[in-house]
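What follows draws every value from the coordinates through simple rules; no lab data is involved. This one's a predicted model, so the numbers in the text were calculated from it and none came from an experiment. Cβ placement follows ideal geometry from the backbone for every residue including glycine, while neighbour counts extend to all protein chains displayed.
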Amino acid sequence: QKEVEQNSGPLSVPEGAIASLNCTYSDRGSQSFFWYRQYSGKSPELIMFIYSNGDKEDGRFTAQLNKASQYVSLLIRDSQPSDSATYLCAVVSSGSARQLTFGSGTQLTVLP
Amino acid sequence: SQTIHQWPATLVQPVGSPLSLECTVEGTSNPNLYWYRQAAGRGLQLLFYSVGIGQISSEVPQNLSASRPQDRQFILSSKKLLLSDSGFYLCAWSRPGTASNQPQHFGDGTRLSIL
């Protein structure tokens, strides 16, 4: 069974710090990787996607992908209290191009 | 731009009652459509997906069913709800085709409570 694993947390960081969220996946053939943010009681919102090894930056967010080690991470620089949410990692596995497999999410709290 | 509408936002139903949740997408043609369920504190479980009118794939055997009567309409149904059907139901869409790099975009969800 193809799996996506995340540390459930909760992860607490002080305001202004870097938050680091990690995700590992079991299917070595996975091709596309997405990070979603989900505020309590709300639906997931896409914040980043990455397809190639290396780093991808978008504002305060940086996604990092290492296919050899089968992990993807999300860094949030200058964390703000408004970043407090659950972050879901999602992976498109080989053989199922239309389907995302989600991790259970990491709960992040940014302390003012 | 594309938008996705999902209703109702909340629903309280007795055990054994029927269910119908509706989702519509605007601003795109022939989208891939998805129904997910999220139990409290858990990840998203894919229930159904559809690549076109009348084409439904089921991921998990259950007492739920899905239909796609029109290109941009996706309906989740049940004839008799169980207590275990409680959860947060999310509809999502992605661009048509089989490319693996298409993200999914979610509606606001329906919070279903079974009494």
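Here are the numbers:
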item: Cut-off under 5 Å, modelled amide H: who pairs with B:Leu47 long-range; result: B:Trp35, B:Tyr36, B:Arg37
item: Dipole magnitude of chain A about its Cα centre (Cβ charges: Lys, Arg +1; Asp, Glu -1), debye to nearest 20; result: 280
item: Choice from B:Gly43, B:Gly52, B:Gly16 showing the highest fluctuation, given a GNM over chain B with Cα pairs closer than 10 Å; result: B:Gly43
item: Convex hull projection area averaged over all views, segment B:1-45, Cα basis, nm²; result: 4.6
item: Number of Lys pairs (Cα under 28 Å; 8 or more positions apart or on different chains) in the protein assembly as shown; result: 7
item: Sequence-separation-based contact order of chain A, relative, with Cα cut under 8 Å and 6+ spacing, percent; result: 38
item: Number of partner chain Cβ atoms within 10 Å, mean per residue of A:42-51; result: 4
item: Net lengthening on full extension, A:Asp55/A:Ser69 (0.36 nm per residue, minus Cα-Cα); result: 3.6 nm
item: Selected from A:Asp58, A:Asp83, A:Asp27 as most flexible by GNM, with chain A as the system and alpha-carbon contacts under 10 Å; result: A:Asp58
item: C-alpha center-to-center spacing [segment A:23-88, segment B:74-115] in angstrom; result: 22
item: Average beta carbon contacts from partner chains per residue of B:39-45, 10 Å cutoff; result: 5
item: Local electrostatic count at B:Thr28 - Lys and Arg +1, Asp and Glu -1, tallied over other residues with Cβ under 11 Å; result: 0
